[in-house]
Amino acid sequence: MTSRPMTRRTAVLGITAAAATLARPSILRAQSTGRVVVVGGGFGGAACARALKRAQGDLQVILIEPNAVITSCPFSNEVIAGLRDIEAQQFGHDRLAADGITVIGQAVTTIEPQQRSVLTADGVALPYDRLVLSPGIDFHFEALPGYDEAASEKMPHAWKAGAQTLLLRRQLEAMDDGGTVAIAVPANPSRCPPAPYERASLIAHYLKTKKPRSKVLVLDAKDNFSQQRLFEKAWKELYGDMIERIGLSQGGRVTSVDPSTRTIITEFGNYTPDVANVIPPQRAGRIAEITGAADSTGWCPIDPTTFESKLVKNIHVIGDACLGGGIPKSASAASAQGKACAAAIVAMFAGRAPDTPRLTGVCYNTVAPGYGFSLAGNYQPRGDIFAEIEGGATSPLDAPRELRAREADEAERWFQTITADTFG
């Protein structure tokens, strides 16, 4: 990869396809245009629904999302560290509805692939020609003994932004100076692989400012992680020995927890921190499993050109839930996949072969106010997965602080752009 910072334009354009140039799809049925149902209204699902409607105005697009407000995971680490209000993370779907997308605020309980029908919690059955699943992640609680929804109220994961984000923030605020914050990091695949290390950085910033005798302990199920050298250089420069990381080969993998005593058990020892942030192993959102789109890995294999499920016909899977290969599970990638999936569906409706998508995934990390860096990659289908191709970029290791400050500003601009593009 070349060592040059990403521009705002490169970061925001998730795919190199112009929806405006798509040919008008043919009519699927004599009596109506095609109908696409999208389940999940986050970055992937909302981007897909919007791209579908923009590509063909008379296409029936239905977005099903039980949450009236989506709380964004990107930048939620700043909420935990007291640098940002959670209201800045919250978005609705009013603009999508104004664009002609039917938004249904219900949970999906059943999907019947043979009948091409989605059943919502209020008992309404919605037929579809194509179904797009963008369910995000769920937690694989069975893989971490002792951890479940009840345990998360004592040892928050804060890996789905919202109430858990605020709970972890309150626990940090209540901790005495001199305390220890432990972050349990799972093995990959996981949502936003660099995010636990950004979280450790920003918690360290909070502690350095408010409780300088305290410490951050990272218990990691991996030996290596994305942008590791950039993080470790920043930690040494900004926080000295405040952050300690124990990797897999040093016994850092968490094997179980005891929420009654707030104890984290690893292969080589036990820890009882003052604040325990336990990020459990993950898998595709439950509706993907119910539908039969998830395999034994817990994730959804897809055709990377069309995003159609390898296991269930006429169903496409995008975002964190799919087996994406080299492309990371991130908001940027989900948005890019949503747009590419929309382009593929429109082409399929028109009887054309979909173009081979080229996706860009970008990840910004803020390790302190005014100190950021980034990693971006380009991805194309190779076999059954996405593989990284040339043209990506990462921040240089030995960059002046002026560049770090510019990238922190760029991160904020990226967030404003992608949320406006997705939610309006």
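The values are calculated or read from the model by the stated rules, or taken from the named source; none is laboratory data. Please read all numbers here as calculations on a predicted model, not as lab measurements. Heads up, the Cβs are rebuilt from the backbone with ideal geometry, glycines too, and the neighbour counts pull from every protein chain shown.
Does residue 123 satisfy the criteria of being in a loop (DSSP other than H, G, I, E, B) and over 30 Å from residue 52 (Cβ atoms)? For residue 123, the condition - in a loop (DSSP other than H, G, I, E, B) and over 30 Å from residue 52 (Cβ atoms) - is not met.
Considering only residues that are closer than 24 Å to residue 307 by Cα and not in a loop (DSSP other than H, G, I, E, B), which ones fall in the range 27-41?
Start the filter on the range 27-41 by keeping residues that are closer than 24 Å to residue 307 by Cα, which leaves 27-29, 33-41.
Hits for the range 27-41 are 29, 35, 36, 37, 38, 39.
Contact map, the range 332-356: first residue without any contact (Cβ under 8 Å) to a residue 24 or more places away in the chain, second residue part of a helix (DSSP H, G or I), Cβ cut-off under 9 Å, separation 6 or more or different chains; pairs are 353/347.
For residue 36, work out the one condition from (1) crowded, with 23+ Cβ neighbours inside 10 Å; (2) within 27 Å of residue 412 (Cβ to Cβ); (3) at pLDDT 95 or above it doesn't fulfil. Looking at each condition in turn, residue 36 falls short on (2). If you filter the range 115-126 down to residues that are of a type in the set (A, V, I, L, M) and surrounded by fewer than 16 Cβ atoms within 10 Å (Cβ to Cβ), you find that the one that is nearest to the chain's Cα centre (by Cα) is 121. Within the range 215-230, is there a residue that is closer than 26 Å to residue 297 by Cα and of a type in the set (Asp, Glu)? Checked the range 215-230: at least one residue is closer than 26 Å to residue 297 by Cα and of a type in the set (Asp, Glu).
Do the conditions hold for residue 194, that is, is it assigned by TED's automatic domain parsing to the domain that holds residue 169 and out of contact with any helix residue (DSSP H, G or I) (no Cβ under 8 Å at 6 or more places or on another chain)? In short, no.
Screening 94, 129, 85, 99 for residues that are farther than 22 Å from residue 190 by Cβ, assigned by TED's automatic domain parsing to the domain that holds residue 34 and surrounded by fewer than 21 Cβ atoms within 10 Å (Cβ to Cβ) leaves exactly one candidate, 129. Residues that are in contact with a helix residue (DSSP H, G or I) (Cβ under 8 Å, 6 or more places away or on another chain) and more than 27 Å from residue 344 (Cα to Cα) within the range 46-72 comprise just one, 71. Among the residues of the range 286-340, the ones that are small (Gly, Ala, Ser) and within 17 Å of residue 46 (Cα to Cα) come to 11 in all.
Report whether or not residue 266 is in contact with a Gly (Cβ under 8 Å, 6 or more places away or on another chain), over 30 Å from residue 322 (Cβ atoms) and of a type in the set (Val, Ile, Thr).
Values: in contact with a Gly (Cβ under 8 Å, 6 or more places away or on another chain): yes; over 30 Å from residue 322 (Cβ atoms): yes; of a type in the set (Val, Ile, Thr): yes.
Yes; evaluated as a whole, the condition is true for this residue.
Of all residues in the range 142-163, those being assigned to a helix (DSSP H, G or I) and surrounded by fewer than 16 Cβ atoms within 10 Å (Cβ to Cβ) number 4. Is it the case that the range 208-222 has a residue that's buried (at least 22 other Cβ atoms within 10 Å of the Cβ) and in a loop (DSSP other than H, G, I, E, B)? Yes, the range 208-222 contains a residue that is buried (at least 22 other Cβ atoms within 10 Å of the Cβ) and in a loop (DSSP other than H, G, I, E, B). Of all residues in the range 55-79, those that are closer than 27 Å to residue 195 by Cβ and touching a Ser or Thr at 6+ places or on another chain (Cβ under 6 Å) total 2.
For the range 263-284, taking the residues that are out of contact with any Pro (no Cβ under 6 Å at 6 or more places or on another chain) and β-branched (Val, Ile, Thr), the one that is surrounded by the fewest Cβ atoms within 10 Å (Cβ to Cβ) is identified as 272.
Can you tell which of 246, 265, 279 is touching a helix residue (DSSP H, G or I) at 6+ places or on another chain (Cβ under 8 Å) and not aromatic (Phe, Trp, Tyr)? Before you say what the answer is, go through the steps one by one.
Numbers: 246 fails: touching a helix residue (DSSP H, G or I) at 6+ places or on another chain (Cβ under 8 Å); 265 fails: touching a helix residue (DSSP H, G or I) at 6+ places or on another chain (Cβ under 8 Å).
279 is the lone residue from the list that is touching a helix residue (DSSP H, G or I) at 6+ places or on another chain (Cβ under 8 Å) and not aromatic (Phe, Trp, Tyr).
Name the residues in the range 164-186 that are surrounded by 14 or more Cβ atoms within 10 Å (Cβ to Cβ) and either out of contact with any strand residue (DSSP E or B) (no Cβ under 9 Å at 6 or more places or on another chain) or in a strand (DSSP E or B) (or both), would you? Residues satisfying the conditions are 164, 166, 167, 169, 180, 181, 182, 183, 184, 185.
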